[in-house]
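The block underneath contains the structure these notes are about, expressed in structure tokens.
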Amino acid sequence: MSVRRVPVEQTSVVLILLAAFIILCIFLGVRIVPQSEKYVVERFGRLRSVLGPGINLIVPFLDRVAHKISILERQLPTASQDAITLDNVLVQVETSVFYRILQPEKTVYRIRDVDGAISTTVAGIVRSEIGRMELDQVQSNRAQLIASIKSSLVDAVEDWGIEVTRTEILDVNLDAATREAMLQQLNAERARRAQVTEAEGAKRAVELAADADLYAAEQAAKARRVQADAEAYATGVVAAAIAENGLEAAQYQVALKQIESIAAVAGSEGSQTVIVPASAAEAFGEAFRMLKGRG
């Protein structure tokens, strides 16, 4: 019985083909996924798995990478849409949306144009939210409006495997007629505030003047009260002296007052001659007698 020998050339070809097949299997079966991407794998056209970043193995010739999805945050192009406020003012709102894909298997199999779908959804939400607000509220409560738009958008895109990270309202534009009307209203409001400020200033001035008059009257009353107290005190001293020394003390005080008055007249400018009445002379004599008597 003879053994058939395989030629060396044929053996080499088989080994080369086998090595090439193994290399091809490795090439097809090993997938290195970048950190910023996820791969969607299909088997016979059906979802098989989602490959995360790093080295992954799939079945060669059966599995294939059908979609390579970036998971980086994306920004939609700035969109502008018209909306009507609750007080029937037409505004043009410019918006921008930031999002990222978290579940690629939902994104690729449930929606075709992600950016277009999100833009359409944002336009509808913006019109709905602004339709509930007046123009002044749109201008002053922009943060609240942004939060409402984001909340509604998150609920709308939840089934698409998308996370909305941020929404922005870049600008709210008005037509020329509305801007002119608002400018006139603003000028009128400024004029009104100026008039109110002027009136309040005048009122304050009147109040301060009244306070000053009241203060002056109070000080005058205090002065009169002090003077009355002094006069009462002097009267009390005189009364006490009369009670203690009798009528002579009172007459002595009267005489002294008359002498002081005559001295004041004599000491005034332009006085050359002083006429002393008889009663004054008697007052001098009476005063001297009293002084002698006291001595």
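The values are calculated or read from the model by the stated rules, or taken from the named source; none is laboratory data. Being a predicted model, the structure only gives us computed values, none of them experimental. Cβ atoms come from the backbone with ideal geometry, glycine included; neighbour counts cover every protein chain shown.
Tell me, please, whether a residue that is under 29 Å from residue 127 (Cα atoms), of a type outside the set (A, V, I, L, M, F, W, C), touching a Gly at 6+ places or on another chain (Cβ under 8 Å) and modelled with pLDDT under 90 can be found in region 83-98. Looking through region 83-98, at least one residue is under 29 Å from residue 127 (Cα atoms), of a type outside the set (A, V, I, L, M, F, W, C), touching a Gly at 6+ places or on another chain (Cβ under 8 Å) and modelled with pLDDT under 90.
What about residue 68, is it in a strand (DSSP E or B) and among the basic types (Lys, Arg)?
Yes; evaluated as a whole, the condition is true for this residue.
Restricting the first member to region 82-110 and to residues that are outside the structural domain of residue 38 (by TED's automatic domain parsing), and the second to residues that are modelled with pLDDT of 90 or more and aromatic (Phe, Trp, Tyr), the beta-carbon pairs closer than 9 Å and six or more apart or on different chains are 101/160; 103/160; 104/39; 106/160; 107/160; 110/160. Any residue at all in region 50-71 that's in contact (Cβ under 8 Å) with a residue 60 or more places away in the chain and not polar (S, T, N, Q)? Within region 50-71, none of the residues are in contact (Cβ under 8 Å) with a residue 60 or more places away in the chain and not polar (S, T, N, Q).
Tell me, please, whether a residue that is loosely packed, with under 12 Cβ neighbours inside 10 Å and among the hydrophobic types (A, V, I, L, M, F, W, C) can be found in region 73-94.
First, pick out the residues of region 73-94 that are loosely packed, with under 12 Cβ neighbours inside 10 Å: 77, 87-88.
Checking the rest, the ones that are also among the hydrophobic types (A, V, I, L, M, F, W, C) come to none.
Checked region 73-94: no residue is loosely packed, with under 12 Cβ neighbours inside 10 Å and among the hydrophobic types (A, V, I, L, M, F, W, C).
Just checking, does region 11-34 include any residue being modelled with pLDDT of 90 or more, closer than 21 Å to residue 107 by Cβ and in contact with a Pro (Cβ under 9 Å, 6 or more places away or on another chain)? Yes, because at least one residue in region 11-34 is modelled with pLDDT of 90 or more, closer than 21 Å to residue 107 by Cβ and in contact with a Pro (Cβ under 9 Å, 6 or more places away or on another chain).
Taking region 149-174 as the range and being exposed (fewer than 13 other Cβ atoms within 10 Å of the Cβ) and not in a helix (DSSP H, G or I) as the test, the residues that pass are 166, 170, 171.
Residues checked against (1) of a type in the set (Lys, Arg); (2) closer than 26 Å to residue 36 by Cα; (3) under 23 Å from the mean Cα position of the chain (by Cα):
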{"residue": "94", "(1), (2), (3)": "no, no, no"}
{"residue": "100", "(1), (2), (3)": "yes, yes, no"}
{"residue": "104", "(1), (2), (3)": "no, yes, no"}
{"residue": "109", "(1), (2), (3)": "no, yes, no"}
{"residue": "160", "(1), (2), (3)": "no, yes, no"}
{"residue": "167", "(1), (2), (3)": "no, yes, yes"}
{"residue": "171", "(1), (2), (3)": "no, no, yes"}
{"residue": "179", "(1), (2), (3)": "yes, no, no"}
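If you check residue 132 against the conditions, is it among the basic types (Lys, Arg) and not assigned by TED's automatic domain parsing to the domain that holds residue 31?
The answer is yes for residue 132.
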